[in-house]
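The numbers here are math on the coordinates, done by the rules we state, and not lab data. Since the model is a prediction, treat every value here as computed from it, not as a measurement. Ideal geometry is used to build each Cβ from the backbone, glycine not excepted, and the neighbour counts take in all protein chains shown.
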């Protein structure tokens, strides 16, 4: 596979391009995970949890694109893992741990998702540490699966 190159976009900034879309999805998954850690370090635990969900979902989408999917719809990690299981049945494990991140997709970012409070008041370091651990495992698992192909 040809490595990604950089091109200037309409804003004048450089961005990665690649014929294989999985490369971009995995790179963004890693970036989201780094951002999750940075937010957790600054006590923004709800945002960190949301970004962990985003990271894991993007990692699985990257896997699906690498398998030849032309369009991948949806944001629920459980559903994406179901799709991935068609290519690799061991994604049932990713689904089981990743399902814990699905609850953060809405609850960690929407002020009406938690009765009587906003996410910034409810999420704490235990939540973000657990989410970061899961997202790290999902990304590592996907990378391992892609490197073994």
Q. Which whole-number percentage describes the relative contact order of segment 11-149, with Cα contacts under 8 Å and a sequence gap of 6 or more?
A. 31 percent
Q) So how tilted is helix 125-147 from the main axis of the chain? Cα-based, degrees 0 to 90, rounded to 10. A) 10 degrees
Q.
Nearest 10 degrees is fine. How inclined is helix 45-66 to the longest principal axis of the chain, computing both from alpha carbons?
A. 20 degrees
Q. Hey, rough spin-label estimate for residue 27 and residue 133, points 7 angstrom out along Cα→Cβ, what's it come to in nanometres?
A. 3.2 nm
Q. Computed FRET efficiency, Cβ-Cβ of residue 110 and residue 147, R0 22 Å: what is it to the nearest 0.05?
A. 0.05
Q) Among 58-66, 80-88, what's the highest-first ranking by average C-beta atoms within 10 angstrom per residue? A) 58-66, 80-88
(Q) Compute the helix-to-body angle for 21-41: its Cα long axis versus the longest principal axis of the chain, expressed 0 to 90° and rounded to tens. (A) 30 degrees
Q: Sum -39500 (n - 2.57) across every DSSP H segment of at least 4 residues in the chain, then divide by the residue count to get the 222 nm mean residue ellipticity, nearest 500.
A: -21500 deg cm²/dmol
Q.
Rounded, prolate or oblate for the chain? Axes are the square roots of the Cα gyration tensor eigenvalues, ordered a ≥ b ≥ c, and the cut-off for rounded is a/c under 1.5.
A. oblate
